[in-house]
1. Would you pick out the residues in region 221-266 that are at pLDDT below 90, open to solvent by less than 30 Å² (accessible area, probe 1.4 Å) and under 30 Å from C208 (Cβ atoms)?
2. Within region 126-136, identify whether any single residue is closer than 26 Å to R312 by Cβ, open to solvent by less than 30 Å² (accessible area, probe 1.4 Å) and within 17 Å of the chain's Cα centre (by Cα), and answer yes or no.
3. Considering each residue of region 83-116, count those that are closer than 16 Å to Y224 by Cα, in a loop (DSSP other than H, G, I, E, B) and open to solvent by 50 Å² or more (accessible area, probe 1.4 Å), and give that number.
4. Just to verify a result, which residue in region 166-205, among those that are under 19 Å from A261 (Cβ atoms) and acidic (D, E), is least open to solvent (accessible area, probe 1.4 Å)?
5. Whether any residue in region 220-233 is among the acidic types (D, E) and without any contact (Cβ under 8 Å) to a residue 24 or more places away in the chain is what I want to check.
6. Of the conditions (1) farther than 21 Å from L83 by Cα; (2) without any contact (Cβ under 8 Å) to a residue 60 or more places away in the chain, P164 clears all except one; give me its number.
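The values are calculated or read from the model by the stated rules, or taken from the named source; none is laboratory data. The model shown is predicted, which means the values in this text are computed figures rather than measured ones. Glycine gets a Cβ as well: all are built from the backbone with ideal geometry, and neighbour counts include every protein chain shown. Only protein heavy atoms, including side chains, enter the accessible area calculation; ligands, DNA and RNA are left aside. Shrake-Rupley method; radii C 1.70, N 1.55, O 1.52, S 1.80 Å.
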Amino acid sequence: MGSDKLSYSVSKAFDLSFPSSPLASVMSPLNGLRSKGSEAWTLNTGEDKTQSSAPPNEYEDCSMLQPNEQKPNLVNKEDLEHLCQLVEMKDGGPPWKQMMDRSAPNMSYKAWQRDPKHGPPQYRSSTIFEDATPELVRDFFWDDEFRSNWDDMLASSTTIEECPTTGTMIVQWIRKFPFFCKDREYIIGRRIWESGRSYYCVTKGVPCTSVPRRDTPRRVDLYYSSWCIRAVESKRGNGQLTACEVLLLHYEDMGIPWELAKLGIRKGMWGAVKKIEPGFRAYQKARASGAPLSRPAFMAQINSKIGPEYLRFLGDTENLSETQIASTSDKPSGRNIPKLLIFGGAIILACSLDRGLLTKAVIFGVARRFGNIGNRL
């Protein structure tokens, strides 16, 4: 309990003593993705721009609206290829272990988790919405203005830059975290590729020198959250493609001990997912009533086209995974989070706390609560 290493890791995890810093290493989706070309970007001025009549293709550059403002293509074809490999489970990673299978009247949800050799835990989930089109689901998840109606963790969102030709955006999110953590800042690059009625949506953390780092909120550098949206057959057994599947691949390094984050995600995942379905139905009604299209939803409709032969080529890649899906118990193992580490970390945190926002009594209360969880496990 008195070791410097434990004090450092716990204090850093709870953000109370250490400033944020760039990660020393980044996982494969963010490694080496350097485009030789560049696309012209424009700063978001709030002025509405008309959508190009001809949709962009995979190799088209952005219109040169500001020739002096050149940015590297931060979300590119390599990101699309990696997402396709994750969707088809041909990325060479460890096997996925099922952790959840739940359903609601108009939605079903399954989730898997795996631990790579390096980096944070990774999550894969399949959400199927009945009576939904892929186009509307695509707009729903892209619409930052409407997101605050159902995502209570989103404190604010700002579009930093956008490309009206490819639909690529750089956005800033501020997300609210529990009272004992700093809020988190995300600088996200995102882009959508379209193949028929399937949409491959890439969102990932990107560097952005125009937004300086601050001590609060803490910036999350390693962030990957991408999904494939496609029409699927309804589970009502009528043979119609009236349902929509969202296959999500997600991981991030929030600066919280990974085993502790895994426990929190496991406990809170279904409660968070359940809020998405009523949010989507509200969005569905708003769009059906003729509500004006927000700027992010408008940008979601600018997609890069890819042909089915390209997807088949990616699908023919050799499967490098040892086992694609492995079953696991719904009950987490208590051995992964030693109670001594949690309680001892809380003691170190309480004794070194010199800010007025938290009291030692609150910290010890959190430690006891985690200790009780450990006893039950």
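1. G255, A261
2. yes
3. The total comes to 1.
4. In this case the residue turns out to be E185.
5. yes
6. In the conditions (1) farther than 21 Å from L83 by Cα; (2) without any contact (Cβ under 8 Å) to a residue 60 or more places away in the chain, P164 misses (2) alone.
Every residue, every condition in (1) at pLDDT below 95; (2) farther than 18 Å from G268 by Cβ; (3) of a type in the set (V, I, T), yes or no:
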| position | (1), (2), (3) |
| --- | --- |
| Y123 | no, no, no |
| S126 | no, yes, no |
| T133 | no, yes, yes |
| F141 | no, yes, no |
| D151 | yes, no, no |
| M169 | no, yes, no |
| Q172 | no, yes, no |
| K182 | yes, yes, no |
| I187 | no, yes, yes |
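So that you can scan it fast, the table gives a plain yes or no per residue for (1) within 24 Å of F146 (Cα to Cα); (2) in a loop (DSSP other than H, G, I, E, B):
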position	(1), (2)
C208	no, yes
S225	yes, no
K235	no, yes
G255	no, yes
L260	no, no
M269	yes, no
V273	yes, no
